[in-house]
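The values are calculated or read from the model by the stated rules, or taken from the named source; none is laboratory data. All of these numbers come straight from a predicted model, not from anything done at the bench. Glycine gets a Cβ as well: all are built from the backbone with ideal geometry, and neighbour counts include every protein chain shown. Areas reflect the complete protein model, heavy atoms only, side chains present, ligands, DNA and RNA absent. Shrake-Rupley method; radii C 1.70, N 1.55, O 1.52, S 1.80 Å.
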Amino acid sequence: MRISGRLAWPALVLAVAACSSKTAPIAIGLAGPFSTERGQSMRDAAELAVAEINQAGGIHGRTLKLVVRDDSANAERAMAVARAFYADPTVVAVVGHLTSGTTLAAAPVYNGGDTPLVEISPSASSPELSSAGPYTFRVCPTDLLHGSRLAAWAFDRLHAKRAAVLYINDAYGRGVRRVFERSFTARGGTIVSDDPYLLDLPSFGPYLRLVLQRGGADVLMIAGTQAGAERILPALKTVGWSPTVMGGDGLTGIEKSSVDANGVYISSAYLPDRPGAANQKFVAAYAKAYPGKMPDHRGAGAYDIIHLLARALEATGPDRTKLRDYLAGVGTRTPAYDGVTGRIAFDSSGDVPDKDVVIGVVHDGHLVTAGGQ
Amino acid sequence: MSRRLQLNTLRNRIIGGGLALLAGIVPIALIAVAALGIIRTTMRQELGVLQQVAEMTNGITSSVSDEIRAAEEYLIAPSANDQRTFRDAAASVYQYQRQLSAIPDLSPKERDAVTRIGTLQAQVEVDYHYAHVLADLGRADSAIAAAAEARTPTAELIAAVNDIGAGQAARSTATTNRLVAAATRERSIVWVVLIVSVVIGLGIGAALVRSVDQPISVLVDAAERFADGDLRPVHVGARLPAELEALSGAINRIGSRLRGIIGEVIGEGSRIAGTAGDLSAVSEELAATAGEITTAMVEISEGAERQVAGLDDGTRSMEQLGKAADSNAALARRVAQLGAEIHRVAARHRADIAAAGTTLTDVQEFVERSAAQVEELERLSLAIDDFVDLIKRISSQTNLLALNAAIEAARAGERGLGFAVVAEEVRQLADSSAQAADDVTETIRAVRAKTGEVAATMKAGRAKVGGIGQAAHGVTQALDEIVAAVGEVEQAAQRVVEEASANAKATADVVTVLQDVSGAASTHASSAQEVTAAAEEQGASTEEMAAQANELSQAAERLRALVEGFTV
C-alpha cells in the first residue's frame, strides 16, 4: 500500500466533495514508472500539489484530477500510455514522462493529429527532446548541462585525469555519456573506457576488470539510473576497485537504497537543501505528507509543473491548444514561474535555459549539495 | 444602343456562343488543374514519406549488417579498426532510428516498430560489446557464448525493419488506391461538365445556324430574283441579325431604286415611240405635199412651154402677117388668158407650199423635243450608274464582312465550322449582288448605246428637216417670181391687144416685145423646172426623214423590249 494513496486521495475526495457537483474535475495525465522509487517520488509530489490546489478552491471552482498511467520506463509502453491520454478528451495536459527515452518515444503521439496534447516532463534531460515538437516541454536542464558540469567537477575539483564511463544504452545514457566525454577530453582528460549496459547485463565485472587491466581510472562516471548503480557499486567491491563514482540525475534515489552510496556525486537540477522559502515550505509539506521522505528533482519538477498548469488553467480554461500557447509564453508573454526548482521560463524549444545544475553528494542516506559550490 | 452592345448581331452571337463554350471549358480546365495539383501534392507527400522511410530502413539494415560483421570479425581477430567500425555502425543505427522516429506520418504500428528497433539495437550493441570485453579479457569461450545472445535481438531487429517495409508497402498501395479514386472522381466531374458544355455548345450552334440560315436563303433567293430581273420587294419575315437586317434593307433599297429607274425608262421609251410615230405621220404628209407640188410644177412647166411656143408662133405671125392686127390681138388675148391661168395655178400652189412649210416647222419642233427627251434619258442612265456603284460598294463590304466572319469562324475552330458555311453563303450572296450590278451596268450600257443612236438619228433628222424648209422657201420664192413674170406678160399682152388695132406700125415693136416675152417665158419654164427639181429633192429628203423616223420608232421598240425584262 502506498503512503501517498492514504494521504492524497482523502484530500482529493474532500476537494471534490467541496466542489460543486455539476462541474466535473479537470483531468491532468501523469505518466511514469510508478512501480519504481523514482516514479513514486514523482507521483507523490504531483498528488501533493493537486491536493494543495484543490484545498485552495481549485480552478475557478473546478477541482484538478490526476489520471495516472504507468509506462514502466519503457518506450513502447510509453506510446500506448500517450495514445490513451491523447484519446481521452477530458485530459488537458500530461505531466511526464519521467525518462528521456519514454518522453521522446511518446512525443510524436502528443504532437500529432488534430488535438495535440501538452506533455511536460519533470526530468527528461535528453538534448533530442528540444526538437520533439511544440507540445513537448520540460522543466529540467538538458544532459548537455549535466554532462559538462560533471566533467568540470571531475577534472577541475576532483583533479581526475582518467575516467571510465559506464552508460545505459538508451537516449539518456548515450546523451550524458557523449557530453561528458567531450567535455572531459576537451579539458585534457582521458577516457579509459566507455561501456554500454542494459539492466539484463549478466555482470558488470568484466567491464570493471578490463578498466583495471588498462591501468584503472580516477573516476567512474555512471551515465545511467539508480537501478544500474545499485549493481555497479557492489561490483566495484567484488573486483576490488574503489574509484570516485559520479553520475547524472538518473542516479538520484541511490542515496536511499540499500547499497552503500556514500560519496557518490550526482548532478541534479534540484536538491532538497536548495535555499529559498518556497522550497523550504515544499520540503516541509512533503515531509508532513510523506513522513521520513525527502523530495527529489523529479518530484520537485512534477510539483512545479502541477502548480504551473493550475496557473495556466486559471487563465485559459481546460483547452489543450490554449493551454499550450499559454505555456509557450511563460517567461515572455506572461511572467516566469518561480517554483521550488527555480525559475521556469520556456524558450522556443520548450526548454528552461535559465535553470542550472548543482552537484550533490550522497551523505548518510541524503543527497546534499556538495561543498564549494 | 450601339451595334457593339446589341445581342442581335452575328458578331455578338458568335462571341456569346464562344463565351458560353469557354464558360464550360474553363471550369473543366480548372477542375483538371486542381485535381492534378491535389494528386501531385499527395504523390509528392506520400512518395516523400515512402522515400524517407526507405532511406532510413535501408540505412538501418546496412548499418546493422556493418555492425554485426565488424563485431563478429573482432571476436575472431580483435582489431581497433573493427572496434571502431562496430561503434560507428551502432551509432548510425541510432541516428537512422531517430530520423525515422521524427517522420510525422507514421502509423502507430510503424512507430512501435521504430521504437522497438531502438531497444533491440541497444540490446545487440550491449551483447556484442560485452562479448568483446570478455574477449579482451581473454575469455574467448564466454565471449562467443555472449555474442550468441545477440542473435535473437538481431533477428527481431531485422523483423522490425521488415515490419516497417511491409507497412510502407501497405501505405504505397493505399496511396495508389486513393490517387486512383481521386483521379476517377475528378474524371467523372470533368466528363459531366464536358457533356453539359457540349450540349450547350451544340444548342447555341444550332440556334445560331437556324437564325442565320433561313434569312440568308431568303436573301439569296431575292438576289437571284433580282439577277433574273424580278425586282419585287424582299420579305424575310423572321427577326434578323442586325447585319442581315442591314443587308436585306440594302437589297430592298436597290430593288426600289431599280424599279423607279426602269419605270421611268419604260415611260421615256413609250414617249419616244409616240414621237417617232408622229414624226412618221408628218413625214408621210410632207411627202404627199411634195408630190402635189411636183405635179403642179409639171403643169406650170408645161403651161410655160406652151406659152413660149405660142409666143414664137406670135412672133412669126407678126413678122409674116404684120398686117393682120386682129390676129395679133387675138393672140395677145390668148397670151393674157394663159398668163392668168399660170397666175391662178401658182397662187394655189403657193398656199399649199406655205402649208407644207408650217408642217415642217412642226416636225422640227417634234424632233427637237425628242432630242431633249433622249438627252434626259442619257442623264437618267448616268443616275443608274451611280446606283450600280452603290450596289457594288455594298456587295464589296458584304464580301469583306463575310471574310471577317470566316476568319472569326476559323478562330473558333471546329465549333466555327457551321458558321464558316454561313459566312461562305453570305460571300456568295455578295458575289451574286456584284454580278447583278454588273448585269445592270451592261443593260444600262446597251440602253445608252441605243439612246446615242437615237440622238444621232434625231440630229440627222433635224438637219434634213432644215434642208426641206430651205427647199420649200426656194419654191415659194420661185412661184412669186413666176407670178410676177406672168403679171408682166399679162400687162404686155393687154398693151398688145390695146395697141395692135391702133398702131400697126408698132407691129415691129410688138415683135420685139414678143421676143422679149418669149425670153421671159423661157425663163419661166426653167424656173418651173428648178422648182420641180427642188420639190423632188424635198420629196427625197422627206422619204429619208420618214426612214429615220421609222428607225427611231424601231429603237424605241427595242428599248421597250429591253425594259420589259424587268418585273416591277
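Here residue B:477 and residue B:449 are evaluated by their C-beta separation; at R0 = 51 Å the FRET efficiency comes out at 0.75. Working from Cα pairs under 8 Å separated by at least six residues, relative contact order for the stretch A:144-268 is 28 percent.
Can you list which of the chymotrypsin sites (Phe, Trp or Tyr not before Pro) found in the stretch A:229-293 are DSSP loop residues with at most 12 other C-beta atoms within 10 Å?
For chymotrypsin sites (Phe, Trp or Tyr not before Pro) across the stretch A:229-293 that sit outside H, G, I, E and B with at most 12 neighbouring Cβ atoms in 10 Å, the list is empty.
Taking the centroid of alpha carbons for each part, the stretch B:162-197 and the stretch B:63-87 are 47 Å apart.
Were the residues from residue B:151 through residue B:242 laid out at 0.36 nm apart, the gain over their Cα-Cα distance would be 23.4 nm.
From other protein chains only, count the Cβ atoms within 10 Å of every residue's Cβ in A:327-336, then give the mean.
That works out to 0 on average.
Between 0 and 90 degrees, the angle of helix A:3-18 with respect to the longest Cα principal axis of chain A falls at about 20 degrees. For the stretch A:144-268, the share of accessible area belonging to carbon and sulfur comes to 50 percent (1.4 Å probe, ligands and nucleic acids excluded). By the rule of a C-alpha distance below 14 Å, with chain neighbours fewer than 8 residues away ignored, the aspartates and glutamates paired with residue B:392 are B:431, B:438, B:439, B:442. Full extension of the segment from residue B:270 to residue B:355, taken as 0.36 nm per residue of separation minus the current Cα-Cα distance, would add 27.7 nm.
Under a Gaussian network description of chain A, with springs only between Cα atoms under 10 Å, the residue in A:133, A:276, A:224 that fluctuates furthest is A:276.
Using the 1.4 Å probe convention, the accessible area of the stretch A:144-268 works out to 34 Å² per residue with neighbouring protein chains retained. Rounded to the nearest 10 degrees, the inclination of helix A:75-87 to the longest alpha-carbon principal axis of chain A is 10 degrees.
Residues of the stretch A:60-109 whose accessible area (probe 1.4 Å, heavy atoms of protein chains only) drops by at least 30 Å² once all protein chains are present, relative to their chain alone: A:76, A:79, A:83, A:108.
Overall size of the stretch B:369-454 from C-alpha positions, given as principal axis extents largest first: 66, 15, 10 Å.
Relative to the Cα centre, the charge distribution of the stretch A:144-268, modelled as +1 at Lys and Arg Cβ and -1 at Asp and Glu Cβ, gives a dipole magnitude of about 360 debye. For chain A, the longest principal axis of the alpha carbon atoms and the long axis of helix A:226-239 meet at an angle near 20°.
Over the stretch A:144-268, the fraction of Cα-Cα pairs per 5 Å bin, rounded to whole percents and listed from the shortest bin up, is 2, 12, 25, 26, 23, 10, 2, 0. Other residues whose C-beta falls under 9 angstrom from the C-beta of residue A:85 contribute a net charge of 0, scoring Lys and Arg +1 and Asp and Glu -1. Among the listed pairs A:322/B:109; A:161/A:256; A:65/B:109; A:65/A:322, a Cα-Cα separation exceeding 23 Å is found for A:322/B:109; A:161/A:256; A:65/B:109.
Annotation for the stretch A:73-90 versus the stretch A:231-291: alpha-carbon center distance of 30 Å.
Lys and Arg at +1, Asp and Glu at -1: add these up for the other residues within a Cβ distance under 10 Å of residue A:141 and post the number. Before the final figure, lay out each step's value.
On the way: positive: A:138, A:149, A:355; negative: A:143, A:249, A:351, A:354, A:356.
Taking every Cβ under 10 Å from that of residue A:141, the sum is -2.
Working ranking of peptides B:19-26, B:81-88 by packing, defined as the average number of other Cβ atoms within 10 Å per residue, highest first, is B:81-88, B:19-26. Using a 1.4 angstrom probe on protein heavy atoms only, the contact between B and A buries about 2000 square angstrom of accessible area, both sides summed. When you restrict to C-alpha pairs under 8 Å that are six or more residues apart and normalise by the size of the stretch A:36-177, the relative contact order lands at 16 percent.
Contact residues in the stretch A:141-174 by the 40 Å² criterion (accessible area, 1.4 Å probe, full protein complex versus chain alone): A:169, A:174. Put a dot 7 Å past the Cα of residue B:174, heading toward its Cβ, do the same for residue A:334, and the two dots end up 3.8 nm apart.
The tail of the calculated P(r) for chain A beyond 30 Å holds 36 percent of all Cα-Cα pairs.
In this simple spin-label model, placing a label point 7 Å from the Cα along the Cα-to-Cβ direction at both residue A:114 and residue B:460 gives a separation of 11.3 nm.
Relative to the current alpha-carbon distance between residue B:103 and residue B:259, full extension at 0.36 nm per residue lengthens the span by 46.9 nm.
Each residue of the stretch B:206-215 is assigned a 3J(HN,Hα), and the resulting list reads 4, 4, 5, 4, 5, 5, 9, 4, 4, x Hz, derived from the Karplus form 6.51 cos²θ - 1.76 cosθ + 1.60 (θ = phi - 60°), x at Gly and Pro.
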